[in-house]
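The values are calculated or read from the model by the stated rules, or taken from the named source; none is laboratory data. What you see is a predicted model; the values in this text were computed from it and never measured. Neighbour counts run over all protein chains shown; Cβ positions are idealised from the backbone, glycine included. In case anyone asks, the SASA skips ligands and DNA or RNA and just uses the protein heavy atoms, side chains included. Shrake-Rupley method; radii C 1.70, N 1.55, O 1.52, S 1.80 Å.
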Amino acid sequence: MIWDLHCHLSGVDGRTVDERIAQLMEIADRMGVDRLVFSMGWPWSQDPGPDDFRKQNDQVIQALSHWQHRAVGLAYLNPKHAEESLAELDRVVRDGPLVGVKLWVAERCSAESLDAIIRKAAGLKALIFQHTWYKTGGNYPGESTPDDLALLAKRHPDVPLICGHSGGNWERGIRAIRDCPNVYVETAGFDPTAGMVELAVRELGDERVLYGSDIGGRSFASQLAKVTGAEITEPARRRILGENLRNLLKPILTAKGMRL
Amino acid sequence: MIDVNVHLSRWPFRRLPLDDTAKLVQRLKSLGVTSAWAGSYDAILHREPSSVNARLAEDCTAHGDGLLEPVGSLHLGMPGWEEDLRRCREQHKMRIVRLYPNYHGYTLDAPAVGELLSRAIERKLVVQIVAKLEDERTQHPLVTVPPVELEPLKDWLTKRPLARVVLLNALGLVRGEALSKWAAAGQVWFETAMLEGVAGIGVALKHLPADRLLVGTHAPFFAPEAGPLKLKESDLGEALRRQIAEDNAVKVLDWS
């Protein structure tokens, strides 16, 4: 059972969202990926205004409309527009089909402007995914590091949070969130550097590691290889490839009556 | 499957799960690799390439189990690289040499590159050029190395049409229409290690002739499982899959 936490509709052939997701599902079938979690539409916007993130969320909702048995979606929000983000949570998660939140690079996640979003999302049992990187050469101004996420996690110790990309420079990223038991690392979106999954399992435990790909910019192949090639136990591999994510999504999928 | 992009010894910045030669060979075999073109990480920063090449040849013989094709490294900024080239061919019986221009501090318009290509043709040697080794965003902050500027190589390929050049870790730097221009420039091949994007091989083949694509894994720095998985991700069919996975690499080494 493979559940992919990190999928996009950009970087894929197809004029419409329906064409794109259909093509992605064919490829997912070849790779044995059962369930996909989508976020953001296109074109990408690093600092979207409310109209833009609503439009992108509508693209995701449209994509999911024929694939609800295999795919779920996260709401793209911008903490700089806190009130509109909270309203969007109501629109697409509370009253709509989406099951979580995607936060990218508009604002660093240590900012207090995130607190209301986190509290509301937690109340809805929504999955919360935060992009993080430590880029040699420097991050975007609003781009979070795992240090930022650790600060946020300590303010919300009972809310599960996902550390996207494990910070890219994963040796440092894993350390930064190690003492935040509510933070999970994901494997997506950096080169298939060997040893990442082994280190994450050793330092965090396999229950805090989640597989994701970051398609279409990345391949399923390179990202799956990190997990399938890792020197870990088979039960740990199963948890990372799907069981952990399924467990995280279980409360909201159950609450919404969606297929688990 | 023939893996044209492998290194032995130790990555300078991290111990890797497969940086023991025997263990790497065993893993590659388990993935269906029948031959792996192996250079040495020592060549990146060590100052004495001939010692690196001698150790590599010894390691391939002692632990290669018939799988490893040794690839000698040349530092074209060093005096006496011509003697290193001779030793690679005559002493170690190598058929491939590898360059790291960005780590060794020269550019591809250097006259030595043209000289090397001439000598490689005379000696029937394939030349591999490593375009990059690591994503710039994850490099050690004290050792940041930009990718190789590949464009000047086209001029040499035109002037040395018999030269055979394999670009390693270059897909990502070169994509789309540019691939067909490279294919037209001369005898140049790309490999899959840093090819990204969903069903990336299929996408690359829209512009790159299928006989110019090889499989590389960049193991052990990268998980070698990505190589066979990339072949699976694109809908290639068996004949095309076999051509990319094996037949092309056999032809690259066949000078008859």
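Residues in region B:30-72 that are closer than 30 Å to B:Arg242 by Cβ and of a type in the set (Ser, Thr, Tyr): 5 in all. Of the residues in region A:85-100, not one is of a type outside the set (A, V, I, L, M, F, W, C), in contact with an Asp or Glu (Cβ under 7 Å, 6 or more places away or on another chain) and open to solvent by 20 Å² or more (accessible area, probe 1.4 Å). Scanning region B:182-202 for residues that are more than 29 Å from B:Tyr41 (Cβ to Cβ) and touching a residue at least 24 places away in the same chain (Cβ under 8 Å) yields a total of 5. Residues in region B:223-256 that are open to solvent by less than 30 Å² (accessible area, probe 1.4 Å), small (Gly, Ala, Ser) and part of a helix (DSSP H, G or I): B:Ala226, B:Gly227, B:Ala245, B:Ala249. The residues of region A:56-96 that are more than 22 Å from A:Leu114 (Cα to Cα) and part of a loop (DSSP other than H, G, I, E, B), listed by number, are A:Ser65, A:His66, A:Trp67, A:Gln68, A:His69, A:Arg70.
Applying the condition of being open to solvent by 40 Å² or more (accessible area, probe 1.4 Å) and among the polar types (S, T, N, Q) to region A:12-66 and asking which residue is nearest to A:Ala82 (Cα to Cα) yields A:Gln46.
Tell me, yes or no, whether region A:119-135 has at least one residue that is farther than 25 Å from A:Asp158 by Cα and in a loop (DSSP other than H, G, I, E, B).
Scanning region A:119-135 turns up at least one residue that is farther than 25 Å from A:Asp158 by Cα and in a loop (DSSP other than H, G, I, E, B).
Let's see how each residue does on (1) within 14 Å of chain A (Cβ to nearest Cβ); (2) at pLDDT below 95; (3) open to solvent by less than 20 Å² (accessible area, probe 1.4 Å):
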| position | (1), (2), (3) |
| --- | --- |
| B:Trp11 | yes, no, yes |
| B:Leu18 | yes, no, yes |
| B:Ser40 | no, no, yes |
| B:His46 | no, no, no |
| B:Asn53 | no, no, yes |
| B:Asp65 | no, no, no |
| B:Glu69 | no, no, no |
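Selection over region B:183-192 of residues that are within 14 Å of chain A (Cβ to nearest Cβ) and part of a loop (DSSP other than H, G, I, E, B) gives a count of 1. Of the numbered criteria (1) within 23 Å of B:Ala223 (Cβ to Cβ); (2) out of contact with any helix residue (DSSP H, G or I) (no Cβ under 6 Å at 6 or more places or on another chain); (3) of a type in the set (Ser, Thr, Tyr), the one B:Thr107 fails is (1).
For region A:10-50, filtering for residues that are touching a helix residue (DSSP H, G or I) at 6+ places or on another chain (Cβ under 8 Å), assigned to a loop (DSSP other than H, G, I, E, B) and not hydroxyl-bearing (Ser, Thr, Tyr) leaves 11. Put simply, of B:Leu162, B:Leu208, B:Leu214, B:Leu195 the only residue that is away from chain A (no Cβ under 14 Å), assigned to a loop (DSSP other than H, G, I, E, B) and within 18 Å of the chain's Cα centre (by Cα) is B:Leu208.
Of note, A:Val201 satisfies the criterion of being within 13 Å of chain B (Cβ to nearest Cβ) and either touching a His at 6+ places or on another chain (Cβ under 9 Å) or of a type outside the set (Ser, Thr, Tyr) (or both). Of everything in region B:74-121 that is without any contact (Cβ under 8 Å) to a residue 60 or more places away in the chain and β-branched (Val, Ile, Thr), the residue that is most open to solvent (accessible area, probe 1.4 Å) is B:Thr107. Looking across A:Leu5, A:Leu64, A:Leu9, one residue alone is closer than 23 Å to A:Ala126 by Cβ and within 14 Å of chain B (Cβ to nearest Cβ). It is A:Leu9. A:Phe190 satisfies every condition listed in (1) closer than 22 Å to A:Leu9 by Cα; (2) more than 14 Å from every other protein chain (Cβ to nearest Cβ); (3) of a type in the set (A, V, I, L, M, F, W, C); (4) touching a Gly at 6+ places or on another chain (Cβ under 7 Å) except (2).
Among the residues that make up region A:208-218, is at least one of them out of contact with any strand residue (DSSP E or B) (no Cβ under 7 Å at 6 or more places or on another chain), surrounded by 24 or more Cβ atoms within 10 Å (Cβ to Cβ), within 23 Å of B:Val203 (Cβ to Cβ) and at the interface with another protein chain (Cβ under 9 Å from one of its Cβ atoms)? Yes, there is a match, as at least one residue in region A:208-218 is out of contact with any strand residue (DSSP E or B) (no Cβ under 7 Å at 6 or more places or on another chain), surrounded by 24 or more Cβ atoms within 10 Å (Cβ to Cβ), within 23 Å of B:Val203 (Cβ to Cβ) and at the interface with another protein chain (Cβ under 9 Å from one of its Cβ atoms).
Would region A:168-180 turn up any residue that is surrounded by 24 or more Cβ atoms within 10 Å (Cβ to Cβ), of a type in the set (Val, Ile, Thr) and within 8 Å of chain B (Cβ to nearest Cβ)? No, every residue in region A:168-180 fails to be surrounded by 24 or more Cβ atoms within 10 Å (Cβ to Cβ), of a type in the set (Val, Ile, Thr) and within 8 Å of chain B (Cβ to nearest Cβ).
Pairing residues of region A:151-168 that are of a type in the set (Ser, Thr, Tyr) with residues that are in a strand (DSSP E or B), at Cβ distances under 6 Å and at least 6 apart in sequence or on separate chains, gives A:Ser166/A:Val185.
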